[in-house]
Amino acid sequence: MRHLTFFSVLFFLASNAYSQLKIGVQAGPNFSSISAVEKVSDLKTDKSSQTSYQTTLLAEYKAMPELAIELGVQYSRQGTKWHDAEQNTIKLNYLKFPLTLSYPFTLGNGQMKFGTGGYYATALSGFRINAGQKVELVFDSSQYSMFKRADLGIIFKTAYEFSNGLSLAMDYQMGLKNIASEQMSDFFNFKNRAFSISLGYYLKLNKTRQ
C-alpha cells in the first residue's frame, strides 16, 4: 500500500506542473508467465506463457514536448503453465497501478512515445488447475497459500498515438518482487512476466497553454 501511496502522491504533484491533460482507455491481449527458480538447486522450471487479456484506464499529464507522465488503473489476468507430470496451470487476476515517464515526439501525422516506469499490483483472485482439478488460490499468510498478494515491478512501453486519438501500444512488465508465499519462499523464487499489445483511445480535456 505504501508503494501505491507514493505513486499517487507523485502523480498529483506532477499534475500541478502539467498544462495538458488526456484520459484514455486501452485493452488487448496479454501474454504472461511466472518465472520459477528453485533456490536450492538454482534450476528454472520449464514453463509456457498464458494468453489472456488486460484493460487499462489512463490519465496523462504533459507540460512540454519532451516529457509526459502517465498513471493508470489496470485489470490484468496473468498466469503460467508448468510442464511437469501434472501440467499445472496458474491463473491470477491483478489490479495494477502503472506509472510511466515517456518521451513523445512527432512522427508522421501522430506521436510516437517511448517510456519506462513501474507498477504496484495486488492480486484479486486466482486459481490453479492441477491434474484437471480446479482449485481456488488463497494468498499471503494462509498455510495453503502459494503466492503473496502484492507485486511490484518495472515497465518498458512504446506507443503510437494517431491524430484522431486512437493509439497502438506495446509494453513489457517485469516483476521484481518474489511473489512466493512465506511457506514457498524458502524454496522458490516466483516473479511475474507479462507482455501486452493494446488498442486505445485518448480524449484531450484541455488545450496546451501557449
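The values are calculated or read from the model by the stated rules, or taken from the named source; none is laboratory data. Values in this document were obtained by computation on a predicted structure and should not be read as measured data. FYI the Cβ positions are ideal-geometry reconstructions off the backbone, even for glycines, and counts take in every protein chain you see.
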Q. Mind checking whether some residue in the stretch 133-149 is under 18 Å from the mean Cα position of the chain (by Cα), modelled with pLDDT of 90 or more and closer than 23 Å to VAL25 by Cα?
A. no
**Q.** Residue in the stretch 180-189 that is surrounded by the most Cβ atoms within 10 Å (Cβ to Cβ), counting only those that are touching a residue at least 40 places away in the same chain (Cβ under 8 Å) and not aromatic (Phe, Trp, Tyr)
**A.** SER181
Q | Positions within the stretch 194-210 being modelled with pLDDT under 95 and not aliphatic (A, V, I, L, M), in sequence order | A | TYR202, LYS204, ASN206, LYS207, THR208, ARG209, GLN210
Q: Return the total of residues in the stretch 71-98 being of a type outside the set (D, E, K, R), at pLDDT 90 or above and surrounded by fewer than 20 Cβ atoms within 10 Å (Cβ to Cβ).
A: 5
(Q) Out of the residues in the stretch 34-68 meeting the condition of being surrounded by 12 or more Cβ atoms within 10 Å (Cβ to Cβ) and not in a strand (DSSP E or B), tell me which one is modelled with the lowest pLDDT. (A) THR45
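Rundown of residues vs (1) closer than 19 Å to SER52 by Cβ; (2) in contact with a Cys (Cβ under 9 Å, 6 or more places away or on another chain); (3) of a type in the set (A, V, I, L, M, F, W, C), yes/no style:
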{"residue": "ALA123", "(1), (2), (3)": "yes, no, yes"}
{"residue": "GLN133", "(1), (2), (3)": "no, no, no"}
{"residue": "MET146", "(1), (2), (3)": "yes, no, yes"}
{"residue": "ILE155", "(1), (2), (3)": "yes, no, yes"}
{"residue": "GLN183", "(1), (2), (3)": "no, no, no"}
{"residue": "LYS191", "(1), (2), (3)": "yes, no, no"}
**Q.** Criterion: over 15 Å from SER196 (Cα atoms), acidic (Asp, Glu) and crowded, with 20+ Cβ neighbours inside 10 Å - qualifying residue of GLU161, GLU136
**A.** GLU161
Q. Any chance the stretch 140-149 includes a residue that's touching a strand residue (DSSP E or B) at 6+ places or on another chain (Cβ under 8 Å), touching a residue at least 12 places away in the same chain (Cβ under 8 Å), of a type in the set (D, E, K, R) and outside any strand (DSSP E or B)?
A. yes
Q. Quick one: how many residues across the stretch 115-145 are in contact with a Leu (Cβ under 9 Å, 6 or more places away or on another chain) and polar (S, T, N, Q)?
A. 4
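Residues to consider are LEU152, LEU137, LEU124; find the one that is in contact with a helix residue (DSSP H, G or I) (Cβ under 8 Å, 6 or more places away or on another chain), of a type outside the set (Phe, Trp, Tyr) and farther than 15 Å from ALA68 by Cα.
LEU152
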(Q) Being basic (Lys, Arg), farther than 14 Å from LEU152 by Cα and within 11 Å of the chain's Cα centre (by Cα) is the filter here; which residues of the stretch 70-124 pass it? (A) ARG77
